[in-house]
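Chemist: Encoded as structure tokens, here's the structure I'll be asking about.
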Amino acid sequence: MLRIKLIIDTNTFIYAVQNRIDILESIRMSFPQLEPVMSLCVLNELRHLSHNNPHAKIALSLFQNLPSVDGKGQGDDCILNACVEKGIGLLTSDKELLNRARINNVKVLTVQDGRHIVWYH
């Protein structure tokens, strides 16, 4: 089976920790064709936030060993660049990032009803 890489954004990692959602298991069960990866810009943001945010610190410890991908720019630009340049999907609940990803023909998933991961249309 061909595996499609999926970047999970910073806020989604933190949200999963705050709400005790096993985000990786949810992806594996609902979307076995997807392979979660860590954008280096997300990793850096989690490192920065972990100094003052306990949820970011936990997210960093749980997810820092995911396979990594790089992108150009910073923040959302870096994430979007990696998705577009490398044909990677995106899991986010950030409305602005969702819209920018759709404009750039990136396959996007989002967290719906607080717990369920679904394709964003």
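Each reported figure results from applying straightforward, stated rules to the coordinates on display, with no laboratory input. Predicted model, so just to flag it, every value in this text is computed and none were measured. As a convention, Cβ positions derive from the backbone with ideal geometry for all residues, glycine included, and neighbour counts pool all protein chains shown.
Chemist: Per the chain: cysteines with no other Cys C-beta under 4.7 angstrom?
Modeler: C83
Chemist: For D77, D94, D113, which order do you get if you count the other beta carbons within 10 Å of each Cβ and list the fewest first?
Modeler: Starting with the residue having the fewest Cβ neighbours, the order is D113, D77, D94.
Chemist: Filter the trypsin sites (Lys or Arg not before Pro) in region 16-121 to those in DSSP coil with at most 15 other Cβ atoms within 10 Å of their Cβ, and list the result.
Modeler: Hits after loop and neighbour filter: R20, K72, R115.
Chemist: Apply the Karplus curve 6.51 cos²θ - 1.76 cosθ + 1.60, θ = phi - 60°, to the phi angles in region 17-24 and return the couplings in whole Hz, x for Gly and Pro.
Modeler: Going residue by residue, I get 5, 4, 9, 6, 9, 7, 4, 5 Hz, with x marking Gly and Pro.
Chemist: How large is ³J(HN,Hα), in whole Hz, for each residue of region 74-88 in order, when computed from phi with the Karplus curve 6.51 cos²θ - 1.76 cosθ + 1.60 and θ = phi - 60°, using x for Gly and Pro?
Modeler: Here the 3J(HN,Hα) series is 9, x, 4, 4, 5, 4, 5, 4, 4, 4, 5, 5, 10, x, 9 Hz.
Chemist: Order these by the 10 Å Cβ neighbour count, fewest first: F63, F13.
Modeler: Placing the least packed residue first, the sequence is F63, F13.
Chemist: Now for a different question. Please work out whether region 1-60 counts as rounded, prolate or oblate from its C-alpha gyration tensor, where a ≥ b ≥ c are the square roots of the eigenvalues and a/c under 1.5 means rounded, while otherwise a/b larger than b/c means prolate and anything else oblate?
Modeler: Judged from the Cα gyration tensor, region 1-60 comes out oblate (a/c at least 1.5, b/c at or above a/b).
Chemist: Count the lysine pairs in the chain whose Cα atoms lie under 14 Å apart, taking only pairs 8 or more positions apart in sequence or on different chains.
Modeler: Values: K5/K86; K5/K107; K72/K86; K86/K107.
The number of close lysine pairs in the chain is 4.
Chemist: Pull up all non-local amide H partners of G71: gap of 5 or more, or a different chain, and H-to-H distance under 5 Å with H placed in the peptide plane.
Modeler: The list, which skips near neighbours in sequence, is L40, C41.
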